[in-house]
Amino acid sequence: MSGSSSLAAMKKVVQQLRLEAGLNRMKVSQAAAELKQFCLQNAQHDPLLTGVSSSTNPFRPQKVCSSL
């Protein structure tokens, strides 16, 4: 029983390796350059860099009702 399960596991590994070998790959330097360009293009929309106005911040502390 262990021989057939071992064979099935090896076939699964070979299938996965064939799948990974067929993928188109990109150089790390090219990917890094594209990521940098994307970050620079979208920096003005990034709330971590520009901040969030208090009127549109959904996480601002709620105001306490003073009439109660």
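The values are calculated or read from the model by the stated rules, or taken from the named source; none is laboratory data. What you are looking at is a predicted structure, and each value in this text was computed from that prediction instead of being measured. Using ideal geometry, Cβ is built from the backbone for each residue, glycine included, and neighbour counts are taken over all protein chains shown.
Here is how the numbers come out for the structure above:
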{"item": "Within the range 1-26, considering residues that are of a type in the set (A, V, I, L, M) and not in a helix (DSSP H, G or I), the one surrounded by the fewest Cβ atoms within 10 Å (Cβ to Cβ)", "result": "Met1"}
{"item": "Some residue of the range 27-49 being surrounded by fewer than 10 Cβ atoms within 10 Å (Cβ to Cβ), at pLDDT below 95 and not in a helix (DSSP H, G or I)", "result": "no"}
{"item": "One residue from Thr50, Thr56 being of a type in the set (Val, Ile, Thr) and touching a helix residue (DSSP H, G or I) at 6+ places or on another chain (Cβ under 8 Å)", "result": "Thr50"}
